[in-house]
Every structure is written in C-alpha cells, then in structure tokens.
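To keep things clear, I will list the structure first and then write my remarks on it.
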Amino acid sequence: VQLQASGGGLVQAGGSLRLSCAASGRTFSSYAMAWFRQAPGKEREFVAGTPWSGGSTYYADSVKGRFTMSRDNAKNTVYLQIAGLKPEDTAVYYCAGRYRSSIIYTTRDKYDYWGQGTQVTVSS
C-alpha cells in the first residue's frame, strides 16, 4: 500500500487542522493505521492508531481529548482532526500502516508502510 499524507500547515495556537492520509494499492481496510509525529531533534512518537478490523482508536496520553482519528474505508483514507493546537504540537506528522493487525502498536518498527509526512507548525 502507498500512503500520502496531506493537510498540514501553519496555524496559530488554539486553532484546528485536519490531516488526511490517502492510501492506494492493496485493500486499505485490511490495514491497521496509525499517526506518528516527529518534532525537530526528537524521536518519532506515536499519536493515534486504529486496528484493521474495527474497534476502538487508541491515543497517546499527550493528545487525548484534542486529537480525533477516523477512517473511511470507502475512500481509502484516514484522518486526524486536531483541535486546540499548541506550539508543542509542531512536528512532521506521518501516517503508517500494518497489514491485518488487530493490535495497535505504538512503536514505529511495527509499521511496514509510511506516508511522506506533512508539516504542522503552530505559532504562539
């Protein structure tokens, strides 16, 4: 599967964004999907993930209540709605996929497919 992330930009603190990750190739619904982010000088960190078979979305504690991940299998797309943006949310955001995983892994080495990343910059 090929992944293409989009929707990033420069926003003021308190603003909102919706990131998208469009997939092409193999059956999208067979993939667990996740969002990660990487700030300058920091490790790539897990943000949110959803299993391939349905079920609950899992969020990192740092984004609970502000980030909402959803998927539309008919459109082969996952979304990350971000509200109440903070300067510390500034990072490159990546979508990732793992084939037929019912487990939401939070480490990058578990994901086989990655989008190219989209930059989110939050000004104070």
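When restricted to Cα atoms, the stretch 43-104 yields an Rg and a Dmax of 12.1, 35 Å, respectively. Across D89, D109, D72, mean-square fluctuation computed from a Gaussian network of the chain (C-alpha pairs under 10 Å connected) peaks at D109. For the stretch 30-108, applying the loop criterion from DSSP together with a ceiling of 11 other beta carbons within 10 Å to the GluC sites (Glu not before Pro) yields E43.
Gain on full extension, evaluated as 0.36 nm per residue between K86 and A13 minus their Cα-Cα distance, stands at 25.8 nm. Taking N as the residue count of the chain, its C-alpha radius of gyration divided by 2.2 N^0.38 Å amounts to 0.97.
Under 8 Å for C-alpha pairs, at least 6 residues apart: give me the relative contact order for the stretch 62-124, rounded to a whole percent. Walk me through the intermediate numbers first.
Details: 72 pairs, mean separation 20.8, N = 63.
So the answer I get is 33 percent.
Of the accessible area of the chain, computed with a 1.4 Å probe over protein heavy atoms only, carbon and sulfur atoms account for 46 percent. The stretch between S124 and T106 holds 3.6 nm of extra length on full extension. This uses 0.36 nm per residue minus the Cα-Cα distance.
Accessible area per residue for the chain is 49 Å², calculated with a 1.4 Å probe on protein heavy atoms, without ligands, DNA or RNA.
For the options G97, G14, G41, a Gaussian network treatment of the chain with springs between C-alpha atoms closer than 10 Å singles out G41 as fluctuating the most. Cross-link reach is defined here as a Cα-Cα straight distance under 27 Å, omitting same-chain residues fewer than 8 places apart; for K86 the lysines meeting it are K42, K64. Figure note: S20, S53 ranked by solvent-accessible area, largest first, 1.4 Å probe, ligands and nucleic acids not counted: S53, S20. With contacts taken as Cα pairs under 8 Å at a separation of at least 6 residues, the chain carries a relative contact order of 37 percent. Solvent-accessible area of L17, all protein chains in place: 30 Å² (probe radius 1.4 Å, heavy atoms, ligands and nucleic acids excluded).
Could you estimate the translational diffusion coefficient of the stretch 82-124 from the Stokes-Einstein equation, with Rh from the Kirkwood formula over C-alpha pairs, at 20 °C and 1.002 mPa s, in whole µm²/s? Once the numbers are plugged in, D ends up at 176 µm²/s.
The values are calculated or read from the model by the stated rules, or taken from the named source; none is laboratory data. Computed from a predicted structure; not experimentally measured. Cβ coordinates were reconstructed from backbone atoms using ideal geometry, including for glycine residues, and neighbour counts include every protein chain displayed. In case anyone asks, the SASA skips ligands and DNA or RNA and just uses the protein heavy atoms, side chains included. Shrake-Rupley method; radii C 1.70, N 1.55, O 1.52, S 1.80 Å.
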